[in-house]
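Okay, structure first, notes after.
Every read-out reported here was derived from the displayed coordinates using simple, explicitly stated rules and does not represent laboratory data. As the structure is a computational prediction, the values presented were derived from the model and not from experiment. Glycine also receives a Cβ, built like all others from the backbone with ideal geometry; neighbour counts cover every protein chain displayed.
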Amino acid sequence: MNRVIALLLLSACLVSAQTRSIGKDPVSGLAQAVIVEGAPLIHTAQFLPIDRKGELVAQGDAAKQTAHVLENLIQALKSVAPGAQIVKLNVYLANESILPQVEKTLRKPFGRSNKPAVSFVVTPLQNPDALVAIDAIAADLNPAGEIKNVKRLFSPFLGGSMQEAHMAILPVGAAVYISGQAKTNTMLGTSTRATLESLNTTLEFLRLTKSDVVQVKCFLTPMVGIESVKHEIQNFFAPDVTPPCVFVEWTTANPQPIEIELIARSEAAPGEVDYINPPGSAVSKVYTKVVRVDRSGRIYCSALYGNDNDKTGGAQIKTIFNDLGAVLKKAGSDFDHLVKATYFVSTPDASSQLNVLRPNYLKPDRPPAASKAMVKSVGVPGKTVTVDMIAISAP
């Protein structure tokens, strides 16, 4: 009898860890959204097309560089979790002209039933000769035992500093999404240090520590100053290794040269979702400072764009949010259950219209955690805004 019970429990555990791809993304041909249930989530660093010696491969060839990055991602994930399945790809392009080559290459490793969601943005990269970089989120569908704390990991297939983790595992259960924070200073390194200390204050308010952080995402200018940013991040997390990091150059006109957001493990929340604005912080109707999620399920949406006949930023945004509502409905969610948003805009018109129109779709007392970044391009020619969302299922 005990053996039967054990087998039933094991079977239930295996069924609970699952993913499901929904729809076909019109830009990439991958999934419109991916639903993940009951699985630890592996977040990676931003992978570049470099070999184990740190040397660039296939210079000038976007397709070959994309294939190399994908192979590195797949091998790295399998080295720490044989049951890993990629559910989201965040793709960074050196210029928008290479998008067709990159899209075609992205589709090759994935079958019909396990396509990930995907987002694109154009940015200078850490290596100025690289054409593409990618970070990923994967679900570990067959974890080796229960994981209670964040694990930062290295891949034997990759080179780089042993101070910078290639991947980190977010355990099943509660997590927090901390919106981008920025502290004014004209010096990139000094601003990075001040922003990290501000984020640490938020972690302490949430009764979390630096060891709970799963990923760090930086919007900075200029990209050529990235080494000073990496130095400050390493000092902040020392003596531990740094979590996986992602870097995007923004073209902000603000005095802050960097904005940083975090994903972290959390203790259980009082409700299924908590929208938190720490004491002393200004309350906004379009984003929440911290969103805490108390269950493992996530819905990762592909980045959305306006139609070809949407000539203004406002028209694109209306199409995007209407399409988002349809995708969320397919996935069993709605606007009231968005937990994280990333908005990329490439013109002042798109930026201002996004601020005007967001309140028409987002509930004022529970908007998602968010970052908005002005960038060189949102990845697709002729488009000036894109929206990348994470949600949970509605009850």
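Looking at the chain alone, DSSP beta bridges between its own residues are antiparallel in about 75 percent of cases. Membrane-span-like helices in the chain (whole DSSP H runs, Cα extent of at least 24 Å along the helix axis, mean Kyte-Doolittle hydropathy of at least -0.5): 62-80, 188-205, 313-330. Binning at 5 Å from 0, report for the range 245-395 what percent of all alpha-carbon pair distances ends up in each bin. Bin by bin from 0 Å, the calculated values are 2, 9, 18, 22, 21, 16, 9, 3, 1, 0.
Scanning the chain for GluC sites (Glu not before Pro) in DSSP loops with at most 16 neighbouring Cβ atoms within 10 Å leaves 273-395 as the longest stretch between them.
Summary value for the chain: 19 percent relative contact order, contacts being C-alpha pairs under 8 angstrom separated by 6+ residues. Comparing GLN234, THR386, PRO255 along the charge dipole axis of the range 19-391, the residue lying farthest to the positive side is THR386, per the Cβ-charge model. Projected label points at ASN149 and ASN355, each 7 Å from Cα along the beta carbon direction, are separated by 4.3 nanometres.
Across the options VAL327, ALA282, THR342, the greatest Cα extent toward the positive end of the charge dipole of the chain (unit charges at beta carbon of Lys, Arg, Asp, Glu) belongs to VAL327. Counting every other Cβ atom within 10 Å of each residue's Cβ, LYS53, LYS376, LYS104 order from fewest to most as LYS53, LYS104, LYS376.
Hull volume per residue, based on the alpha-carbon atoms of the range 19-391 and their convex hull, is 121 Å³. About the centre of its Cα atoms, the chain shows a dipole size close to 700 debye [charges on the beta carbon of Lys, Arg (+1) and Asp, Glu (-1) only; nearest 20 debye]. Neighbours of PRO49, meaning other residues whose beta-carbon lies under 14 angstrom from its beta-carbon, give a summed charge of -3 when Lys and Arg score +1 and Asp and Glu score -1. Shown here: the range 14-83, whose C-alpha atoms stretch 42, 32, 15 Å along the first, second and third principal axes, sorted largest to smallest.
When the helices of the chain are scored as -39500 (n - 2.57) per DSSP H run of n ≥ 4 and the total is divided over every residue, the value at 222 nm lands at -8500 deg cm²/dmol. For the range 211-349, DSSP calls about 70 percent of its internal beta bridges antiparallel. Each part reduced to its alpha carbon centroid, the range 232-248 and the range 67-87 end up 22 Å apart.
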